[in-house]
Each structure stands twice: as C-alpha cells, then as structure tokens.
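Since the structure comes first, as structure tokens, the remarks are kept for the end.
Just so it is clear, none of the values below were taken in a lab; they were calculated from the coordinates. Predicted model, so just to flag it, every value in this text is computed and none were measured. Note that each Cβ is placed from the backbone with ideal geometry, even for glycine, and that neighbours are counted across all protein chains shown.
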Amino acid sequence: MRIDKYLKVSRILKRRTTAKELANGERVYINGRQVKPASEVHVGDIVHVVFGIRHLEVRVLDIRDHIKKEEAGGMYEILKEYKEEVPEEDSFA
C-alpha cells in the first residue's frame, strides 16, 4: 500500500493530501529512508513522520484498504512520540 494512503486509512493523519504534502516536504521516512507519497509500506516497516516539531514513529502491524475508526489503532504500534525542544528567543528588553 502507498504510504500516503496508509497514513490516512490508519488515521495517523486525517487527510491523504496532508500525507502527500508531508512526504513531498521530506518529512516521512520508512525504515530510516526518506520517501515519496507513492512509496510502498509493508507489515513490519518502521514509519517516522515529522509534523513541525512533533515526531511520531510507528511499526506497521496491519495493512487494510478499509477499516473502522475504532479499529484503526490496531494497524500500528507507537514506538516513539516526542516534540523537539525549541530554543527560546533572546529578548532584548
């Protein structure tokens, strides 16, 4: 399955267009490699998505074309989730 579709079906992202934009913006990785929206994802792959300062890393457990919202969380296992530290700007008061 394409990574952009997987991110939408698994409900990691709400919209497929958002998934495409992130992949085109070099913010989606599969097994440590930067990928494009059409890149294939397989069971067992590690997917890393960067949303601004937030990072999410998951292991793909299942791939389905359609799934109920309540069951979507079973398609992946969260390995890491964190926010980057943003340095505070110096104030010149």
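Directionally averaged projected area (the chain, Cα convex hull): 7.2 nm². Based on DSSP H segments of at least four residues, each scored -39500 (n - 2.57), the chain has a per-residue ellipticity at 222 nm of -4500 deg cm²/dmol. Distance between the modelled labels on K68 and E40, one decimal in nanometres: 3.1 nm (7 Å Cα→Cβ projection). Here the 3J(HN,Hα) profile of the stretch 3-16, calculated from phi with Karplus coefficients 6.51, -1.76 and 1.60 at θ = phi - 60°, is 5, 5, 5, 4, 4, 6, 4, 6, 6, 5, 10, 7, 10, 5 Hz, Gly and Pro shown as x.
In order along the stretch 71-76, phi translates into HN-Hα couplings of 9, 4, x, x, 7, 8 Hz, rounded to whole numbers, per the Karplus curve 6.51 cos²θ - 1.76 cosθ + 1.60 with θ = phi - 60° and x for Gly and Pro.
The slack in the chain from R54 to T17, taken as 0.36 nm per residue of separation less the alpha-carbon distance, amounts to 11.4 nm. For the chain, leaving out every one of the GluC sites (Glu not before Pro) that falls in a DSSP loop and has at most 15 other Cβ atoms within 10 Å, the longest unbroken run is 27-83. Restricting the chain to trypsin sites (Lys or Arg not before Pro) that sit in a DSSP loop and have at most 10 other Cβ atoms within 10 Å of their own Cβ leaves K14, K68. With a Cα cut-off of under 16 Å and a minimum spacing of 8 residues unless on different chains, the lysine pairs in the chain number 12.
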